[in-house]
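The values are calculated or read from the model by the stated rules, or taken from the named source; none is laboratory data. Please read all numbers here as calculations on a predicted model, not as lab measurements. Don't worry about glycine lacking a Cβ; one is built from the backbone with ideal geometry, like all the others, and counts go over all protein chains shown.
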Amino acid sequence: MSFVVRTRPREDAELRRALYDGTVFLLPATDASRALVDLARARLHDELGDDPRGAHARMTDEELFTRIGRLRRELYLEAHAQTLLRDMAASVGFDRRETAFDPARLRVIAHGASENPRAAPVYYAHRDTWYAHPPSVVTIWTALDDLAADETFVFYPERFRAPVANDSEIFDYDAWVARGWSLKIGWQDREASTKARYPQVVGAEDYGPAVGFSCRRGEILLFAGAHFHRTLPQTRGRTRFSLDARLVHLAEHALGLGAPNVDGRSRGSALADYVQPEGDDGG
């Protein structure tokens, strides 16, 4: 059976239990996911022109960084984008009245960027929980274009319940956001990777087989933030654009439900800054 499952359970609670147990779901695009993708694509065209995936070949690194940083901030903070994300999460089983979320981040993986030392942390194999997200966190991800398997990222399923030597204890959430949200939103600071420390693997070991996936624009990938995974370098001469966010079902979190925490030692809690469920924040 394929590692990535394309049919979801009938009940939302059963879906979440399967996610906490390590199942990865790639679900069909919904009206809500298409709306969020269309918004991001329109903004990319406004900033980068008619061929955003080729913008790295037309612009200097500094210009591209500035334009992408401006757009990344907009998509993360603006109310309309957050509403569309809430709609997308609800469309695949995360009720808007019960789910807190860390807003959508625009991910930009340019051709050849893996050769730039400033970008090194982008390609670190990691668990999202190493960044002070709780074991109950679920990552929701969607691509802005159809992507082949070598353009996305890979999971290491054998490490879902097995520890990986890492230095996640260096990550203190309160210190991370103390200078503002530039690091939280991601890559607003061009020198961030040289000034901040990002959790990473310590030493070399065999993680087991890497399992990837291909996808169509707007399809919705769901996986436990405790999954050990790694972004792949882009080698096809074009940039990969995607959106991801983090979801926590608050009632289940309060009950202690979630994926196993086998090796995370980060400090603080990112959940404190999540957008609260609809009705709790004036939504």
Candidates T129, T83, filtered to the one that is closer than 30 Å to G203 by Cβ, in a helix (DSSP H, G or I) and of a type in the set (V, I, T)
T129
Restricting to segment 24-46, name every residue that is without any contact (Cβ under 8 Å) to a residue 40 or more places away in the chain and either hydrophobic (A, V, I, L, M, F, W, C) or surrounded by 16 or more Cβ atoms within 10 Å (Cβ to Cβ) (or both).
A42, R43
List pairs: first residue in segment 1-22 and at negative phi and crowded, with 17+ Cβ neighbours inside 10 Å, second residue assigned to a helix (DSSP H, G or I) and small (G, A, S) anywhere in the structure, Cβ distance under 9 angstrom, at least six positions apart or on different chains.
R8/A18
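Examine segment 102-110 for a residue that is closer than 19 Å to F171 by Cα, of a type in the set (D, E) and modelled with pLDDT of 95 or more, and state whether such a residue exists.
Of segment 102-110, the ones closer than 19 Å to F171 by Cα are 102.
Checking the rest, the ones that are also of a type in the set (D, E) come to 102.
Checking the rest, the ones that are also modelled with pLDDT of 95 or more come to 102.
The answer is yes; a qualifying residue exists.
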Lone unmet requirement of (1) assigned to a helix (DSSP H, G or I); (2) touching a strand residue (DSSP E or B) at 6+ places or on another chain (Cβ under 6 Å); (3) within 21 Å of P209 (Cα to Cα) for V154
(1)
Give the residues of segment 47-77 that are outside any helix (DSSP H, G or I) and surrounded by 14 or more Cβ atoms within 10 Å (Cβ to Cβ), sorted by residue number.
M59
Among the residues of segment 139-155, count how many are crowded, with 20+ Cβ neighbours inside 10 Å and over 17 Å from L106 (Cα atoms).
1
Evaluate segment 164-182: report whether one residue or more is under 30 Å from G54 (Cβ atoms) and among the acidic types (D, E).
no
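For residues in segment 233-283 being of a type in the set (S, T, Y) and out of contact with any helix residue (DSSP H, G or I) (no Cβ under 8 Å at 6 or more places or on another chain), which is nearest to R43 (Cα to Cα)?
Initial filter on segment 233-283 (of a type in the set (S, T, Y)): 235, 239, 242, 266, 269, 274.
Okay, now just the ones that are also out of contact with any helix residue (DSSP H, G or I) (no Cβ under 8 Å at 6 or more places or on another chain), so 242, 274.
On the way: S242: 13, Y274: 24 Å.
The selected residue is S242.
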Any idea which residue in segment 258-272 is surrounded by the fewest Cβ atoms within 10 Å (Cβ to Cβ), counting only those that are charged (D, E, K, R) and in a loop (DSSP other than H, G, I, E, B)?
R265
In segment 16-48, anything closer than 25 Å to P209 by Cβ and among the aliphatic types (A, V, I, L, M) is listed as A18, L19, V24, L26, L27
Hits in segment 63-93 (condition: of a type in the set (D, E) and touching a residue at least 40 places away in the same chain (Cβ under 8 Å)):
D87
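Would you say D38 is of a type in the set (D, E) and either within 27 Å of V262 (Cβ to Cβ) or modelled with pLDDT of 95 or more (or both)?
Details: of a type in the set (D, E): yes; either within 27 Å of V262 (Cβ to Cβ) or modelled with pLDDT of 95 or more (or both): yes.
Taking the combined requirement at face value, the residue satisfies it.
Out of all the residues in segment 240-257, which are among the acidic types (D, E) and either modelled with pLDDT under 95 or in a strand (DSSP E or B) (or both)?
Keep residues of segment 240-257 that are among the acidic types (D, E), which gives 244, 252.
Result: D244, single match.
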Check W141, W176 and return the single one that is closer than 23 Å to P103 by Cα, touching a residue at least 24 places away in the same chain (Cβ under 8 Å) and in a helix (DSSP H, G or I).
W176
